[in-house]
Amino acid sequence: MIMEKAQHILEEYFGFPSFRPGQQAVIEYVTSQKNALAIMPTGGGKSLCYQIPGLALEGTAIVVSPLISLMKDQVDALSSLGIPATYINSTLSSEEFQDRMQQLRAGRYKFVYAAPERFESPTFIESIKSINLSLVAFDEAHCISQWGHDFRPSYRSIVPTLAKLPNLPVIVALTATATDEVNYDIRRLLNIEDDHVINTGFARDNLSFHIVKGSSKRDFVLDYLKERPAESGIIYTSTRKQTDTVHQLLVSKGYAAAKYHAGLSEQDRKQAQNAFIQDEKTIIVATNAFGMGIDKSNVRYVIHYALPMNIESYYQEAGRAGRDGEPSDCILLFSGQDIQLQKFLIEQSLMDEEKKTKEYKKLQAMINYCHTHSCLQTYILHYFNDYSAVEDCGKCSNCLNSDNREDMTREAQMVLSCIKRMDERFGAGLTAKVLKGSRDKKVKDFQFDQLSTYGLMSQYTEKELTNFIHFLVAENILSTGDDRYPILKLTKHAKEVLQGRKQVWVQTGFARSTAAADYHE
Ligand code: ADP
């Protein structure tokens, strides 16, 4: 009965004929008063998972949302469908706040979007206590967990306040990024049973992932844009300065490009965002300050000009491409030097040591993504513990290159036995020196020039050898732990390689291309 109503709402209000994967299950739990967690990719359709139950149930839905811009867009969208909705946050004047509180108490709204800080306001709490609530939705629920990549303490502090509500309704949490730890935290804090987690998997079939190494980033971007001058795209940079430089470059070449970073005034940011959303500007060059909650469906590509800090942020940012389901590109321009910036950012942050160690580990997974020769989509899905896909994507830069592979098992065995002989106590740099047969002082001091593997791979450059080692780390044949000065250890796969039970295939020309994969601005 209630699902019939849900289907009706889907068609009548939103104009969609059918549910997307997972939506129906979430709606069923929520409308039958079971707290639920929905994990769906960006663009997967999370909003309907609380909007439809909010409409199907009696009372007012409270939607906790971390971003002010996001609230306004959502409220505008609902209002345009004739659904009474509002938002309450720090941008309101005190008259506006009072007015909305009054309407809220009168039960006039079906949806009230609130920033987490609102739950510290006694007026707000008293008001929501006094009305009939249909549900509480936690949008971007990963912000509640300190293991999430965007932890907000104010989000977490809502939990005890909510628990005290005499009229606490059903809760639904939504996120696109939930590793096991985050997922566990959300369930524990919001009282969600294991069985009520809907995880649709993370695959975005219309996205093609590409890693570009060894060419000038600037030239790559200009060549790429030349092919598609009218298409909409986002270029993410790692610093404000880089945003300015890339933006200037594009403007000087005649592209309609906007820029966005936290150093700009709010008005400039808003203007840039609107120009991009309304297709007045085809390209936006931005730091990661841009994008959360942006629902622009026709973004055809997302280029990362520099290495992001972890796979969670990368997938979220890259996932802003192709929300309409049309084929779109996600391109990461990799250069080894970008790693230093990310390490620096972790090092100088205010995180405690334990958290820093975790961040290093996540950064390492991001670096491994750039070095792997396996399917990039599969790599990301496995990172999120999604093993549902049985086949490789067939269209990422690694899949497209998979015909050109050569067997480097023998070379891998040489590297592995060298690391073993060095007692698994050193990093890639020194290992490469030993394999090269370098006369470096450290090599001599440790008497590594006495090892049988000393100079065993002298036909390669040290750079080629370090890159090959990074590749072995990416393939999980070697591990570096989460150390800041990564120490190479053999994994169980290394044993299989050494025993000849596992082969190591790499892309042809690998040594050449990775040697060039040094820094090019
Ligand atoms: P998310 O919050 O998961 O990133 P949204 O809720 O913003 O995604 O939805 C992304 C887009 O998909 C929106 O434009 C939305 O209107 C559309 N959408 C959601 N559900 C459906 C559906 N069942 N059928 C068609 N389009 C849908």
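For SER18, only one of the following conditions fails: (1) touching a strand residue (DSSP E or B) at 6+ places or on another chain (Cβ under 8 Å); (2) of a type in the set (Ser, Thr, Tyr); (3) within 13 Å of the ligand (Cβ to nearest atom). What is its number?
Here SER18 clears every test but (1).
For the stretch 59-82, give me the residue count where each residue is crowded, with 19+ Cβ neighbours inside 10 Å and of a type in the set (Gly, Ala, Ser).
Result for the stretch 59-82: 2.
Identify the residue in the stretch 147-157 that is assigned to a loop (DSSP other than H, G, I, E, B) and touching an Asp or Glu at 6+ places or on another chain (Cβ under 7 Å) and, among all such residues, is surrounded by the fewest Cβ atoms within 10 Å (Cβ to Cβ).
Looking at the filtered set, the residue picked out is TRP147.
For the stretch 158-212, which positions are free of Cβ contacts under 8 Å to residues at least 12 places away in the same chain, in a helix (DSSP H, G or I) and either under 30 Å from ARG105 (Cβ atoms) or among the acidic types (Asp, Glu) (or both)?
PRO160, ALA163, ASP194, ASP195 - these are the residues of the stretch 158-212 that are free of Cβ contacts under 8 Å to residues at least 12 places away in the same chain, in a helix (DSSP H, G or I) and either under 30 Å from ARG105 (Cβ atoms) or among the acidic types (Asp, Glu) (or both).
Can you go through GLY233, GLY263, GLY254 and tell me which one is in a strand (DSSP E or B) and either more than 16 Å from LYS281 (Cβ to Cβ) or small (Gly, Ala, Ser) (or both)?
Answer to the check: GLY233.
What are the pairs with Cβ atoms under 6 angstrom where one residue, in the stretch 3-17, is small (Gly, Ala, Ser) and modelled with pLDDT of 90 or more and the other, located anywhere, is within 11 Å of the ligand (Cβ to nearest atom) and part of a helix (DSSP H, G or I)? Sequence gap at least six, or different chains.
ALA6/ILE27; ALA6/ILE52
Identify, by number, the condition in (1) in contact (Cβ under 8 Å) with a residue 60 or more places away in the chain; (2) not in a loop (DSSP other than H, G, I, E, B) that VAL285 doesn't meet.
All conditions are met except number (1).
Suppose we filter the stretch 293-314 for residues that are within 12 Å of the chain's Cα centre (by Cα) and surrounded by fewer than 19 Cβ atoms within 10 Å (Cβ to Cβ); how many remain?
Number of matching residues: 1.
Do we find that GLY394 is farther than 20 Å from HIS470 by Cβ and not polar (S, T, N, Q) in this structure?
Answer is yes for this residue.
Would you check which residues across the stretch 321-337 are within 16 Å of the ligand (Cβ to nearest atom) and surrounded by fewer than 21 Cβ atoms within 10 Å (Cβ to Cβ) and list them? Please lay out each step first, then the result.
The first filter runs over the stretch 321-337 and keeps only residues within 16 Å of the ligand (Cβ to nearest atom), leaving 321-326, 328, 330.
Answer for the stretch 321-337, where residues must be within 16 Å of the ligand (Cβ to nearest atom) and surrounded by fewer than 21 Cβ atoms within 10 Å (Cβ to Cβ): ASP324, GLY325, GLU326.
Testing VAL26 on (1) at pLDDT 95 or above; (2) away from the ligand (no atom under 13 Å from the Cβ), one condition comes back false. Which one is that?
Here VAL26 meets the rest and fails (2).
Please specify each residue of the stretch 420-429 satisfying the condition of being out of contact with any helix residue (DSSP H, G or I) (no Cβ under 6 Å at 6 or more places or on another chain) and not in a loop (DSSP other than H, G, I, E, B).
Result: LYS420, ARG421, GLY429.
Looking at LEU363, LEU341, LEU345, LEU416, which one is part of a helix (DSSP H, G or I), over 30 Å from ASP205 (Cα atoms) and in contact with a helix residue (DSSP H, G or I) (Cβ under 6 Å, 6 or more places away or on another chain)?
Unique residue meeting the criteria: LEU416.
Could you list all residues from the stretch 268-295 that are at pLDDT below 90, on the phi < 0 side of the Ramachandran plot and not acidic (Asp, Glu)?
MET292, ILE294
This table checks each residue for (1) among the charged types (D, E, K, R); (2) more than 22 Å from the chain's Cα centre (by Cα); (3) within 16 Å of the ligand (Cβ to nearest atom); (4) farther than 28 Å from GLY322 by Cα.
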| position | (1), (2), (3), (4) |
| --- | --- |
| MET3 | no, yes, yes, yes |
| CYS49 | no, no, yes, no |
| ALA61 | no, yes, yes, yes |
| ALA77 | no, yes, yes, no |
| ASN89 | no, yes, no, yes |
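Any idea which residue in the stretch 370-400 is nearest to LEU456 (Cα to Cα), counting only those that are surrounded by fewer than 16 Cβ atoms within 10 Å (Cβ to Cβ) and either more than 30 Å from the chain's Cα centre (by Cα) or touching a residue at least 40 places away in the same chain (Cβ under 8 Å) (or both)?
If we take residues in the stretch 370-400 being surrounded by fewer than 16 Cβ atoms within 10 Å (Cβ to Cβ) and either more than 30 Å from the chain's Cα centre (by Cα) or touching a residue at least 40 places away in the same chain (Cβ under 8 Å) (or both), then ASN385 is nearest to LEU456 (Cα to Cα).
Filter the stretch 289-320 for residues that are within 23 Å of SER216 (Cβ to Cβ) and assigned to a loop (DSSP other than H, G, I, E, B); which is nearest to the ligand (Cβ to nearest atom)?
Within the stretch 289-320, the match that is nearest to the ligand (Cβ to nearest atom) is PRO308.
Starting from residues that are within 10 Å of the ligand (Cβ to nearest atom) and assigned to a loop (DSSP other than H, G, I, E, B), keep the ones in the stretch 5-15 and report whichever is nearest to VAL136 (Cα to Cα).
Result: PHE14.
Being within 14 Å of the ligand (Cβ to nearest atom), of a type in the set (A, V, I, L, M) and either surrounded by fewer than 15 Cβ atoms within 10 Å (Cβ to Cβ) or at pLDDT 95 or above (or both) narrows it down to one residue among ALA38, ALA56; which is it?
Within the list ALA38, ALA56, the selection yields ALA38.
Do you know which residues across the stretch 83-97 are of a type outside the set (S, T, N, Q), farther than 20 Å from GLN23 by Cβ and surrounded by 21 or more Cβ atoms within 10 Å (Cβ to Cβ)? Can you show your working first?
First, the residues of the stretch 83-97 that are of a type outside the set (S, T, N, Q): 83-85, 87-88, 92, 95-97.
Next cut, farther than 20 Å from GLN23 by Cβ only: 84, 87-88, 92, 95-97.
Matches in the stretch 83-97: TYR87, ILE88.
The values are calculated or read from the model by the stated rules, or taken from the named source; none is laboratory data. None of the values given here were measured: they were computed from a predicted structure. Here Cβ is always computed from backbone atoms with ideal geometry, including for glycine, and neighbour counts include all displayed protein chains.
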